[in-house]
Amino acid sequence: MTTVHLFDTNHQIYWGLLIAVYFYYTGMSAGSFILTSLGTVFGIEKYKKVSKVGVLMAIVLLAFAPLHLLFDLEQPGRALNLFLHVNPTSAMSWGVYLLVLYPVCLLIYAWFMFRQDFVNNMNGTGFKAGLYRFLLFGKTDMSTAAKENDTKKAKFFGTLGVPLALAVHGYTGFILGNVQARAIWHTPLMPIIFLMSAMVSGTGLFIIVLMLVEKFKFGKLDADIKSLIADIANLMKWFIVIDGALMIIYFIVLWYSSEAGYAAAYYLLHGDAWSFLGLENGLGMLLPLLILLSKNARQSIPAVVVASLLTIIGVLAMRINLVIGGQELPLTGSKTLEYAVSGHDLTIVIGLALATTVVLSFLYAVLPMNRPGAVVKLTSQAVKEVAQ
Amino acid sequence: MGKRYAMVIDLRKCVGCHACQVACKSENNVPLGVFRNWVDELETGKFPNVSRHRLPRLCNHSENPSCLNVCPVKATYQLEDGTVLIDYDRCIGCKYCIAACPYDARFINPVRKTAEKCTYCHERLEAGLQPACVNTCISGARVFGDLNDPTSEVFKLLATQPVNVSKPETNNRPQTYYIGADQKALRPNLLDIVGGEK
């Protein structure tokens, strides 16, 4: 039946790039933390070497993630209302507390992990030694009991951090999943899909960051780090397999759901095809999976870097496709809604990405990143002492 | 039993003059480019078999409003009489309510910088008047009143006429009832819009 709309009111897409990028950051924070907690919490020895790199990345990403939300608020000066007025039926209200508890827990966890290294390096006059003395808050006890306490407390707060990491990213899935108005969001799979794609992108970014840290802190990638990266790449392969399976399940059920669901699925295949099929699932999921299927590729650093970069781009596309694409289909009226990113939003996204990089690089530069369990490089003086 | 406000819009009487849309803008000082109340107008069929449909839209002041459930600061609240209102001094402008409303009823007021929507002209109700859109309707198509009062016009219309609501499946339990609404106006023809119609 031909229908011509003679008059209809323009509506606007209100949740844009900032919200998508916020989901992206919390996802990578949760992903990288859960991956590196394999060492401290789950006792897989080889991951202990990299847990410091992972926890700093998780903390910094999570510190910058909510800033995107703050800049997206129409009334940022009233952000405190989020703490003063709680609405238990709102997923966003749950998130406010998770976004505070999770980084606090990670900070305590990181402090216990770094404490002994602070003590070892606190004597001196430089900036670093001064910083370590400040960060120790006077807790310089290096007795065996104190060291055991560090391990115990790190394990405790790390273990607490795992469910918090799952919740801090899982809740963002509920933010979209609870909205029944939009068929493309309204699925119980949403929190799980968000978590699995978070594991994929978190692992991808972690591999790249780990390589950079090793390169700049120690000058080269040791053989044990190389073999660990091959292990992580193998894990990433499985994360992609699960994430891909979830996406396929999600898509099939969307296709066979309500009229709005079918239209959304059809729109993903046709309207947003280059981004959904091309970027998100082709370049971002299928290609890295094909690369990582080969054992030789997993052991080759350039191949793993390419696969990691692709997953990072693919998951960003996924967040944008879901958040913004989910609002393109009209709820009333007669045409799809157009979204154009504003210069304001783009500036903030780029600015915050740069700030995240700078802060993270600064922390990696000044904090003692020596690896627990790795061979300690002895200084020449120490070598002499050992020889005597 | 207390009051339960609702609106019945009798589309057999609506002529599509858009006076309600204008009156709302004027009464509530709604800025340019955004609407609390608007009239969709469409034409279906092929000459000589054609018909023209109108659908005035406004906040449905639902029994179970999605916007109220998702507001992270409880800025959206519901009165005993069913009216859903926004505390403009508390709203932080996160826009979750706008994303969650199935009816596109909400928007950001570009001047006040908070979410905004139809209030049933709350201040007019308190003064014993009808909402501006109802007051101005030239044909009496818009009827407003208390559903719990058996002598009210809305009660009588709901009791005697076949009515329809927009998107009943969302569990919002909307309280704007239409008489004679065309289904093509009540919801967007998504398959037509995305091109998926066989």
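The values are calculated or read from the model by the stated rules, or taken from the named source; none is laboratory data. Note that the structure is a prediction, hence the values are computed from the model and not measured. Cβ placement follows ideal geometry from the backbone for every residue including glycine, while neighbour counts extend to all protein chains displayed.
Summed over the stretch A:160-191, the residues that are more than 18 Å from the chain's Cα centre (by Cα) and over 24 Å from A:ASN321 (Cβ atoms) give a count of 0. Can you spot a residue in the stretch B:176-184 that is more than 14 Å from chain A (Cβ to nearest Cβ), touching a residue at least 60 places away in the same chain (Cβ under 8 Å) and buried (at least 22 other Cβ atoms within 10 Å of the Cβ)? Yes: one or more hits. Residue pairs whose Cβ atoms lie under 6 Å apart, sitting 6 or more positions apart in sequence or on different chains, and linking a residue in the stretch A:257-278 that is within 9 Å of chain B (Cβ to nearest Cβ) and over 12 Å from A:THR336 (Cβ atoms) to a partner that is loosely packed, with under 14 Cβ neighbours inside 10 Å and among the β-branched types (Val, Ile, Thr), do not occur here. Filtering the stretch B:75-88 to residues that are surrounded by 18 or more Cβ atoms within 10 Å (Cβ to Cβ) and within 11 Å of chain A (Cβ to nearest Cβ) leaves B:ALA75, B:THR76.
Residue selection: A:LYS152 fails the criterion of being outside any helix (DSSP H, G or I), assigned by TED's automatic domain parsing to the domain that holds A:ILE34 and over 21 Å from A:MET57 (Cβ atoms).
Identify, by number, the condition in (1) of a type in the set (Phe, Trp, Tyr); (2) closer than 12 Å to A:ALA317 by Cβ; (3) surrounded by fewer than 21 Cβ atoms within 10 Å (Cβ to Cβ) that A:TRP255 doesn't meet. It is condition (2) that A:TRP255 fails. The condition of being in contact with a Ser or Thr (Cβ under 9 Å, 6 or more places away or on another chain), within 7 Å of chain A (Cβ to nearest Cβ) and of a type in the set (A, V, I, L, M, F, W, C) holds for B:CYS91.
Close contacts from the stretch A:202-219, counting a first residue that is free of Cβ contacts under 8 Å to residues at least 12 places away in the same chain and a second that is assigned to a helix (DSSP H, G or I) and of a type in the set (S, T, N, Q), with Cβ to Cβ under 8 Å and a gap of 6+ residues or different chains, come to none at all. When B:GLY145, B:GLY140, B:GLY195, B:GLY180 are screened for being over 23 Å from B:THR76 (Cβ atoms) and in contact with a helix residue (DSSP H, G or I) (Cβ under 6 Å, 6 or more places away or on another chain), only B:GLY145 passes.
So that you can scan it fast, the table gives a plain yes or no per residue for (1) in contact with a Cys (Cβ under 8 Å, 6 or more places away or on another chain); (2) within 27 Å of A:LEU289 (Cα to Cα):
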site: A:LYS139; (1), (2): no, no
site: A:LEU160; (1), (2): yes, no
site: A:LEU164; (1), (2): yes, no
site: A:GLY170; (1), (2): no, yes
site: A:LYS215; (1), (2): no, yes
site: A:LEU221; (1), (2): no, yes
site: A:SER227; (1), (2): no, yes
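Per the conditions (1) closer than 22 Å to B:ALA23 by Cα; (2) more than 14 Å from every other protein chain (Cβ to nearest Cβ), the sole criterion not satisfied by B:ASN148 is (1).
Scan the stretch B:5-61 for residues that are of a type in the set (Val, Ile, Thr) and within 10 Å of chain A (Cβ to nearest Cβ) and the total you get is 4. Restricting the stretch B:94-106 to residues that are outside any loop (DSSP other than H, G, I, E, B) and within 7 Å of another protein chain (Cβ to nearest Cβ), the residue that is nearest to B:GLU27 (Cα to Cα) is B:ILE98. Among the conditions (1) in contact (Cβ under 8 Å) with a residue 24 or more places away in the chain; (2) not in a helix (DSSP H, G or I), the only one that B:PRO162 does not satisfy is (1). Which of the residues that make up the stretch B:107-120 are part of a loop (DSSP other than H, G, I, E, B) and surrounded by fewer than 24 Cβ atoms within 10 Å (Cβ to Cβ)? Matches in the stretch B:107-120: B:ASN109, B:PRO110, B:VAL111, B:ARG112, B:LYS113, B:THR114, B:THR119.
Residues considered: A:GLY138, A:GLY54, A:GLY124, A:GLY130. Of these, the only one that is more than 21 Å from the chain's Cα centre (by Cα) and assigned to a helix (DSSP H, G or I) is A:GLY130.
The number of residues in the stretch A:73-94 that are facing another protein chain (nearest Cβ under 8 Å) and either touching a residue at least 60 places away in the same chain (Cβ under 8 Å) or touching an Asp or Glu at 6+ places or on another chain (Cβ under 6 Å) (or both) comes to 2. Annotation: A:LYS49 fulfils all but one of (1) in a helix (DSSP H, G or I); (2) within 17 Å of B:PRO72 (Cα to Cα); (3) touching a Gly at 6+ places or on another chain (Cβ under 7 Å); the unmet one is (2). Here the stretch A:309-340 is the region considered, the condition is being of a type in the set (A, V, I, L, M, F, W, C) and either within 20 Å of B:PRO188 (Cα to Cα) or assigned to a loop (DSSP other than H, G, I, E, B) (or both), and the residue that is farthest from the other protein chains (Cβ to nearest Cβ) is A:ALA340.
Just a yes or no: is a residue in the stretch A:222-231 outside any helix (DSSP H, G or I), in contact with a helix residue (DSSP H, G or I) (Cβ under 9 Å, 6 or more places away or on another chain) and surrounded by fewer than 22 Cβ atoms within 10 Å (Cβ to Cβ)? Taking every residue of the stretch A:222-231 in turn, at least one turns out to be outside any helix (DSSP H, G or I), in contact with a helix residue (DSSP H, G or I) (Cβ under 9 Å, 6 or more places away or on another chain) and surrounded by fewer than 22 Cβ atoms within 10 Å (Cβ to Cβ). Of the residues screened, A:ILE13 is not one that is under 30 Å from A:LEU329 (Cβ atoms), within 14 Å of another protein chain (Cβ to nearest Cβ) and either without any contact (Cβ under 8 Å) to a residue 12 or more places away in the chain or assigned to a helix (DSSP H, G or I) (or both). In the stretch B:121-145, of all residues being more than 19 Å from B:ALA19 (Cβ to Cβ) and without any contact (Cβ under 8 Å) to a residue 12 or more places away in the chain, the one that is surrounded by the fewest Cβ atoms within 10 Å (Cβ to Cβ) corresponds to B:GLY128. Tell me, yes or no, whether the stretch A:23-30 has at least one residue that is touching a Leu at 6+ places or on another chain (Cβ under 8 Å), away from chain B (no Cβ under 14 Å) and of a type in the set (Phe, Trp, Tyr). Within the stretch A:23-30, one or more residues are touching a Leu at 6+ places or on another chain (Cβ under 8 Å), away from chain B (no Cβ under 14 Å) and of a type in the set (Phe, Trp, Tyr). On the basis of being surrounded by fewer than 19 Cβ atoms within 10 Å (Cβ to Cβ), away from chain B (no Cβ under 12 Å) and over 27 Å from A:ALA365 (Cβ atoms), does A:LEU101 make the cut? Answer is yes for this residue.
No other residue among A:LEU106, A:LEU61 is buried (at least 21 other Cβ atoms within 10 Å of the Cβ), farther than 30 Å from A:HIS186 by Cβ and at pLDDT 90 or above apart from A:LEU106. For the stretch B:55-93, a residue qualifies if it is on the phi > 0 side of the Ramachandran plot, touching a residue at least 24 places away in the same chain (Cβ under 8 Å) and among the small types (Gly, Ala, Ser), and exactly one does: B:GLY82.
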